[in-house]
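Structure provided below as structure tokens; questions to follow.
The values are calculated or read from the model by the stated rules, or taken from the named source; none is laboratory data. All values reported here derive from a predicted model rather than from experimental measurement. Glycine also receives a Cβ, built like all others from the backbone with ideal geometry; neighbour counts cover every protein chain displayed. Side chains included, ligands, DNA and RNA excluded: accessible areas come from the protein's heavy atoms. Shrake-Rupley method; radii C 1.70, N 1.55, O 1.52, S 1.80 Å.
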Amino acid sequence: MAHQMHVRGKYLVGENANVLQNADDHMSSSMSEPELERSSHASSSDSECFEIERSVLLFGLTGKGKSTVANVLAKMFDDSMFPVSYESSSHTFDIDSREFIIDRYKLEIIDTIGLKDTRFGTDVVLKKLEKVTTFRAFRRGINQIFFVTNGRITKDDEEVFRSLEEIFGEKSVYDYVTVLRTGADRQFGRPEREQSDIDSLLRNQHGRVLVEKVGRERIVHISNPQPEGSNPTWLETRQKSRKVLMDHLEKCNSLFLPEASKKHFQLLVDHAKGSDEENKLRRDLHETRRERDQALEDIQRKNRALEEASRRNLELRQEIEQLKKDSTCVIL
């Protein structure tokens, strides 16, 4: 396992990780942001030797494997950095951003809260996403947004994917999106099967939207088996997945500089809050109508029972009258 050192929210990862030195407070206060950035990464040459800088935002439905991808990118193959749940529910409750120097790369990885998480309202999720605007990657620009998904693409996947344009306020966001197909055990490393999977996405009305927006070349298949699980080659597989991701990122040179601001996010939050309240009123109205219809059905059932009882009572009286007449005839 690679060693890791943490300084001011930044990490140096490698087999020969050096101890990082903090700059003194009085030095920090007098430095510009680029100088402070360099100073926080050690005085040793190893900590400053990176050739490629990349920033990645992970996005998608809850429970699709975003945090696992973050760990693989960070070379934490045992999932020891970003909290991970191996169930369908999410383990990420907030936005988590970390910077790393790994090999020849400087990476900033932003792991976001899963959308469509039933534990949070839409307004709460958007309020948490607003935190993205405070990160360095947001000011510098984002190289790539990894939309993480797996299996059959659903309506929820499509809705969350389409929300990227609304959240960041630009249609051009899709020029910087890569669709990550996690859990692609059958397709991973097999080009023909990967292309076949993309063909199947095109045959799915929801999957087609993803492919048409980003293009076939930005549908990437990876496999991240659980650590120490039933797959004896889990570590080797994760290492191969990381290489695929890093090779892809190396080609992503341009930067997405979203115009979205805190004001823009607040407007979205207010709108979502209003929508959530409206949806609650709609659910309450639906429940009231259901209870009313149930009460009417109960009344109608009781009325039918009373009518049946009255009818039967009338028939019995008629039978009694007929018996009386028959008895009188017999006596005469």
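Name the one entry in S196, S241 that is small (G, A, S) and open to solvent by less than 50 Å² (accessible area, probe 1.4 Å).
On the way: S196 fails: open to solvent by less than 50 Å² (accessible area, probe 1.4 Å).
The unique qualifying residue is S241.
A follow-up question, please. What is the number of the single condition among (1) touching a residue at least 24 places away in the same chain (Cβ under 8 Å); (2) open to solvent by 10 Å² or more (accessible area, probe 1.4 Å); (3) not polar (S, T, N, Q) that V179 does not meet?
(2)
Right, another one. Give the stretch 176-190 a look and list any residue that's of a type outside the set (A, V, I, L, M, F, W, C) and in a loop (DSSP other than H, G, I, E, B), or say none.
So in the stretch 176-190, the residues of a type outside the set (A, V, I, L, M, F, W, C) come out as 176, 178, 181-183, 185-187, 189-190.
If the condition is that a residue be of a type outside the set (A, V, I, L, M, F, W, C) and in a loop (DSSP other than H, G, I, E, B), then T182, G183, D185, R186, Q187, G189, R190 are the ones that fit.
Right, another one. Suppose we filter the stretch 219-233 for residues that are in contact (Cβ under 8 Å) with a residue 60 or more places away in the chain and among the hydrophobic types (A, V, I, L, M, F, W, C); how many remain?
1
So how many residues does the stretch 202-231 have that are surrounded by fewer than 16 Cβ atoms within 10 Å (Cβ to Cβ) and within 17 Å of the chain's Cα centre (by Cα)?
Here is the first cut: in the stretch 202-231, the ones surrounded by fewer than 16 Cβ atoms within 10 Å (Cβ to Cβ) are 202-203, 205, 208, 212, 215-217, 226, 228-231.
Remaining after also requiring within 17 Å of the chain's Cα centre (by Cα): none.
Total satisfying the criteria: 0.
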